[in-house]
Amino acid sequence: MDAAPSALQVRGRLLKAARGFLDERGFLEVETPVRVRAPALETHIDAEPSGALYLRTSPELHMKRLLADGAERIYQIGPCFRRGERGPFHRPEYTMLEWYRRDADYMDMLVDAKALLDAVCREVAGTTSLRHAGRRIEMMPVWECLTVSEAFRQWAGWDPVAAYDPDRFDLDLVEKVQPALPRDRPVVLKDYPAEAAALARCRAGDPPVAERWELYAGGLELANAFSELTDPEEQRRRFAACAAAREAAGRPVYPKDEAFLDALREGLPPCGGVALGIDRLHMLLAGAAHIDSVVPFPEE
Amino acid sequence: MYSASDLRKGLRIELEGVPYLITEFQFNKPGKGQALYVCRLKNLLTGGTHARTFRAVDKIGEPRLETKKLRYSYQDATGYVFLDANYEHATMSAEALGDQRFFLTEDAEVEVLYFNGEPIDITLPTFVEKTIVETEPGARGNTATNVLKPAKIEGGYEIQVPLFINTGDVAVIDTRTGAYVQRKT
């Protein structure tokens, strides 16, 4: 019997499989700056300063500028940095895969994500039946899809979409909802409270919901996707609200990315995007319980 | 005061006047949400455990704790008495010591933990020797160590020992787990 592949080999195959999948479907691999003037303003994400600039927390804003400039299908695989995030599933430096598609919404992106994971599992592990944390996970064919409203009503006893409470939302998500999610197959939580939209488009309705999903597999949060927000005024309001929340919490407030807001004003076509944590996917493929065991120099 | 980002496994904290030990610790940050610190806490007064999640904005008390090395001296009506060369002494009840009281041996050096000046816990030497006072007769020649039978040590506490152990033998016990380690020859 062959020895189990090393972490280095699994990582190499994983990157190759993801690129192969996206290349074959006409996505162009791009690179955008790692040192940026204006990291995306999010209430709970802190950027690492780098001289007078910051290390990017995600390539999202620059990739959307490329879409506004006419790109139709693009992806990027590269390092992102988030200050202070350290744990079994978090490293302050990690590898993100983001892909964006014009004329697509979040549910189209879910179809992409499922096909991508199917292809990557087959190529890297030779199977879509994985073992992680002592459990078997059937990555295909069934992905359970729940709205945030359904999941919270079932396991936390309230509906954050009807009446949002940010503190209770985070605590109940971690203490009640995430532990209750099925672990033998992937689970998608979708349609977030409008207040937790981040950079997602909101769909009118009573109540309105953010067109956003999060993918979980084996208890790991693997990917986040949006129907991207393209309205410049709404985007400006959200940046301002995040800046105010950060100011009130005594956290650094980053400059608004005016070039990005200009690009939205010029016109960002309807598009969808997915951000997928490569280290987490590697953990799942390798059956690793700690993120440190899937990077070559964990002490850094 | 500690902030949530100071928390880690093994840290002792104070909540509403009660000292706790963090026995499990995990950083968690749900997508786009706030950083959360998911802990399992052991109440250092009662030994009970429960789960507790802290947020980044939470401030957590730092208990006034100190440790002293004392030697176990004797047991009397007031409890278990520990002394040092300067006649510093601490008395602890059977309830506060729990099963650890069965592993005390005369003159053994223990680390006594004080909270607000009161002794609340001890750390025993890792290995202690205890005489077996009651067990089924040993199977002669059976040196297997993977088959176990119950045996009582002084004080009546029951441990699991291999079949070749007899009443009167001295067993070395790991005080962290209460497990038999070897027979003292």
- Task: Please go through segment A:144-158 and pick out each residue that is open to solvent by 30 Å² or more (accessible area, probe 1.4 Å) and touching a Pro at 6+ places or on another chain (Cβ under 9 Å).
- Result: A:Glu144, A:Trp155
- Item | Pairs, first more than 11 Å from chain B (Cβ to nearest Cβ) and part of a strand (DSSP E or B) in segment A:77-102, second open to solvent by 30 Å² or more (accessible area, probe 1.4 Å) and among the basic types (Lys, Arg), C-beta under 6 Å, six or more apart | A:Arg101/A:Arg73
- Item | Unique residue being within 18 Å of A:Glu150 (Cα to Cα) and open to solvent by 30 Å² or more (accessible area, probe 1.4 Å) when the list is A:Glu195, A:Glu266, A:Glu247, A:Glu258 | A:Glu195
- In segment A:224-244, is there at least one residue being farther than 22 Å from A:Thr57 by Cβ and either among the hydroxyl-bearing types (Ser, Thr, Tyr) or within 12 Å of chain B (Cβ to nearest Cβ) (or both)? no
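So that you can scan it fast, the table gives a plain yes or no per residue for (1) open to solvent by 30 Å² or more (accessible area, probe 1.4 Å); (2) under 25 Å from A:Glu211 (Cβ atoms):
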| position | (1), (2) |
| --- | --- |
| A:Gln76 | no, yes |
| A:Pro88 | no, no |
| A:Trp99 | no, yes |
| A:Asp105 | yes, yes |
| A:Asp108 | yes, yes |
| A:Lys114 | yes, yes |
- Which of the following residues is open to solvent by 50 Å² or more (accessible area, probe 1.4 Å), touching a residue at least 24 places away in the same chain (Cβ under 8 Å) and outside any loop (DSSP other than H, G, I, E, B): A:Leu66, A:Leu22, A:Leu61, A:Leu14? A:Leu66
- Item | Contacts under 7 angstrom Cβ, first residue in segment B:31-52 being farther than 20 Å from B:Glu16 by Cα, partner among the hydroxyl-bearing types (Ser, Thr, Tyr), 6 or more apart | B:Leu36/B:Thr53
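The values are calculated or read from the model by the stated rules, or taken from the named source; none is laboratory data. What you see is a predicted model; the values in this text were computed from it and never measured. Neighbour counts are summed over all protein chains in view; Cβ atoms, including those assigned to glycine, are modelled from backbone coordinates with ideal geometry. Heavy atoms of the whole protein, side chains included, go into the accessibility calculation; ligands, DNA and RNA do not. Shrake-Rupley method; radii C 1.70, N 1.55, O 1.52, S 1.80 Å.
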